[in-house]
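Encoded as structure tokens, the structure appears first; notes follow it.
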Amino acid sequence: MRENRGVSPTRQSSPARTAAAPTASGSARRARPPAVDPACAEAVDLARTAAEETARPAPVGEHLGLRAEGDRVVTHYFAALDPAYVGWRWAVTVTRAARAKIVTVSECVLLPGDDALLAPEWVPWLDRLRPGDLGPGDLLPTAPDDVRLTPGYAQVDDSAEREAQWELGLGRARVLSREGRDEAAARWYDGVAGPRAPIAASAPAQCSTCGFYVALAGGLRQVFGVCANEYAPDDGRVVSADHGCGAHSEAVNLPAASEHNPPVIDELGYDVVPAAAEEAEPLDDEALGHS
């Protein structure tokens, strides 16, 4: 039996350890910041020309510096002199291929600086909305979990009993007469709170079906109520039951209708076609290839 002395067991390395060694060294190389390529760093005029072509007719300011983005990739920064972009700067990225001497422009963009004038932070439309913003034709959908609304079957209290026990005109020398009430009702109904107002003509539904509609008491209850929606233009005002606006409690955004109707396929009509067996003569065996 012959002993194999070619390779010592103690000097053998596992394949996993051998494969992991380059990976560790590669990650260490990637962790180091990239070096500035001299050819790309000297291409200031090339980068300025690209910035001027993009910014035209606005001028381009002084060179603000550069930064290495990777191997043979450098970004040059120039001041933006456009009055609409105060504090912004032009960023022109140049690069070259390996073993190549020609530098080319990769991209040219306008980036905000530390003191740049930026747009305010975006605020959701529901937080931006203020009372009085709603106009004719506008819709204000109400969230299903709006705390200002509750199901109709849950509204149970003793308000009706308290109203029945209240004596009309108690503590007042005079009260509104029938004639005065009718004049006020006609005035309200024909005014901006009636059904012929421009905002009511484009409303999705009437106030009588809105959860924010609070009906009046007495004889006026049948026709009028008070709007209790703070976003509605008639908040706190008397409105007719057939008035309306886009802040209806059940308003929803409906999808836009399709411009083209779906194709119509006639599945009921049919054509009578004679059978081929009735028109053709019977074939003999030779015609069919049989002997």
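The values are calculated or read from the model by the stated rules, or taken from the named source; none is laboratory data. As the structure is a prediction and not an experimental result, all values here were calculated from the model. Cβ coordinates were reconstructed from backbone atoms using ideal geometry, including for glycine residues, and neighbour counts include every protein chain displayed. Side chains are part of the model used for accessible areas, which takes the heavy atoms of the whole protein and leaves out ligands, DNA and RNA. Shrake-Rupley method; radii C 1.70, N 1.55, O 1.52, S 1.80 Å.
Quick notes on this one:
- The heavy atoms of GLU107 present about 100 square angstrom of accessible area, all protein chains included, probe 1.4 Å.
- Sites ARG32 and HIS63, calculated FRET efficiency, Cβ-Cβ separation with R0 25 Å, nearest 0.05: 0.45
- For the pair ARG221 and GLU250, label points projected 7 Å from Cα toward Cβ lie 2.2 nm apart.
- All other residues whose Cβ lies under 13 angstrom from that of PRO233 are scored, Lys and Arg at +1 and Asp and Glu at -1, for a net of -3.
- Computed from backbone phi, the HN-Hα couplings of region 69-80 come to 9, x, 5, 6, 9, 9, 10, 9, 10, 10, 6, 9 Hz, rounded to whole numbers (Karplus: 6.51 cos²θ - 1.76 cosθ + 1.60, θ = phi - 60°; Gly and Pro given as x).
- Theoretical FRET efficiency, 1/(1+(r/R0)^6), r = Cβ-Cβ of LEU117 and ALA39, R0 41 Å, to 0.05: 0.70
- Other residues with beta-carbon under 15 Å from the beta-carbon of ARG128 carry, at +1 per Lys or Arg and -1 per Asp or Glu, a net charge of -4.
- Neighbourhood net charge (15 Å Cβ-Cβ; Lys/Arg +1, Asp/Glu -1) for SER208: -2
- Built amide H within the under 5 Å cut-off of GLU69, gap 5+: VAL74, THR75
- Furthest towards positive pole of dipole, PRO83, ALA97, VAL60, structure part region 40-113, Cβ charges: ALA97
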